[in-house]
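Remarks on the structure that follows.
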Amino acid sequence: MEKQGVTASPKSRIIPFEGIRNFRDMGGYKTTDGRTVKYGVFYRSAELTGMTERDKEIFSTLGIKYIFDYRDDGEASVKPDPVIEGIINERIPAIAGEVQGLVQSMEDIVKSELFKNINITGLAEMYGKMTLNNSSYKRLFEVIQNPENLGIVHHCAAGKDRTGVGAALILSALGVPKETIIEDYLITNETMREFQEIIKAELSGQLTEEELLLFDVMMAAKEEYLQAVFTVIKDTYGNMDIYFEKELNLTAADRVALQNLWLE
C-alpha cells in the first residue's frame, strides 16, 4: 500500500475487500506537529457481516486485534460481526435507542416516518449530539489507550455517521487538523458511490423526486455533518483538550502518551 501524506489519494488507504464496503486505514495523515499517524493501527469500515473467505485472509494480515461495533441490538442481530479467533469483539451502540429502519429493506426505510424527517440540519444535529455523554465513544477511548488492543477496526452499518464521528475523535486526539479529518470523512462519498447508485437504481421507480433527494441526503457524507461535531464541542467545552478530559476521560498526559505510541 502506498503511503502518502495529508493529501493522500483515497485509493492509497482503501483496502479492497469482496464483501466489506468502505474499509479504510486511518494512517498516513499529518498532525499539527509534523508527525504522521502510523498505518496498520486504526481502521474504519461499514458492517463486516459480508466477509468472504478471501476477505478473512486479507483481514488476517492487517494486525487487527479488536473489532469495535457502534450498532444497536437490532442491527447486529440481523447482520452479526464475524467471530474470529484471537480477535476481541465489542459492541456498544453509539446512538441511544434502536436505529429503526437500518435492519429493514431499503424500500421500507424510504417509506418510513424516519426517512420523511431526514434533512441536512437534522443529521448535523444528530452528529453533534453523538459527541456528548456517549458511552460508546468513552469505551472506545478506553480501548485505544491499551496498546495490546491495537490494531482496531471500528464500524457501524455504512461506516459513515457513527464511525465518522468516532474517526474524527480519534484523529483529533492524535493531533490531526480538522480540515484533514473532514477530508478523510468525505472519502466515504467515493467508497460508497457504486453501492448507493445500485440501490438508487433499484428504488428509482418506487420513489418520488422528493424522496430521491432525501435518499441522497441520507446516504451522503456532507461537511456540514462532521462540522457539527466540532461546533458542539467548541460551544460546550471551548476546546478539544477540555472536551477529551471531561467527556472521554483522556487527560493531556493521556493524549501525549497516545500520540507517542501511534505517531511517527
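If you go through segment 207-220 one residue at a time, do you hit one that is crowded, with 19+ Cβ neighbours inside 10 Å and hydroxyl-bearing (Ser, Thr, Tyr)? There is no residue in segment 207-220 that is crowded, with 19+ Cβ neighbours inside 10 Å and hydroxyl-bearing (Ser, Thr, Tyr).
Of all residues in segment 164-171, none satisfies being in contact (Cβ under 8 Å) with a residue 24 or more places away in the chain and more than 12 Å from the chain's Cα centre (by Cα). Whenever a residue of segment 250-262 is under 18 Å from residue 177 (Cβ atoms), its partners that are among the basic types (Lys, Arg) and surrounded by 12 or more Cβ atoms within 10 Å (Cβ to Cβ), lying with C-beta atoms within less than 8 angstrom and at least six residues away or across chains, give the pairs 259/35; 262/38.
Just one of the listed residues (245, 224, 202) is among the acidic types (Asp, Glu), part of a helix (DSSP H, G or I) and surrounded by 15 or more Cβ atoms within 10 Å (Cβ to Cβ), and it is 245.
The residues of segment 177-199 that are closer than 30 Å to residue 27 by Cα, among the aliphatic types (A, V, I, L, M) and either touching a strand residue (DSSP E or B) at 6+ places or on another chain (Cβ under 6 Å) or part of a helix (DSSP H, G or I) (or both), listed by number, are 181, 182, 186, 198.
Here the condition is being among the small types (Gly, Ala, Ser) and more than 17 Å from residue 130 (Cα to Cα); of 228, 201, it holds for 201 alone.
Screening residue 148 on (1) without any contact (Cβ under 8 Å) to a residue 40 or more places away in the chain; (2) surrounded by fewer than 17 Cβ atoms within 10 Å (Cβ to Cβ) shows it passes everything except condition (1).
Among residues belonging to segment 113-161 that are at pLDDT 95 or above and among the polar types (S, T, N, Q), point out the one that is nearest to residue 222 (Cα to Cα). Among those residues, the one meeting the criterion is 131.
The values are calculated or read from the model by the stated rules, or taken from the named source; none is laboratory data. All values derive from a computational prediction rather than experimental measurement. Methodologically, a virtual Cβ is constructed for each residue, glycine included, from the backbone with ideal geometry; neighbour enumeration extends over all protein chains shown.
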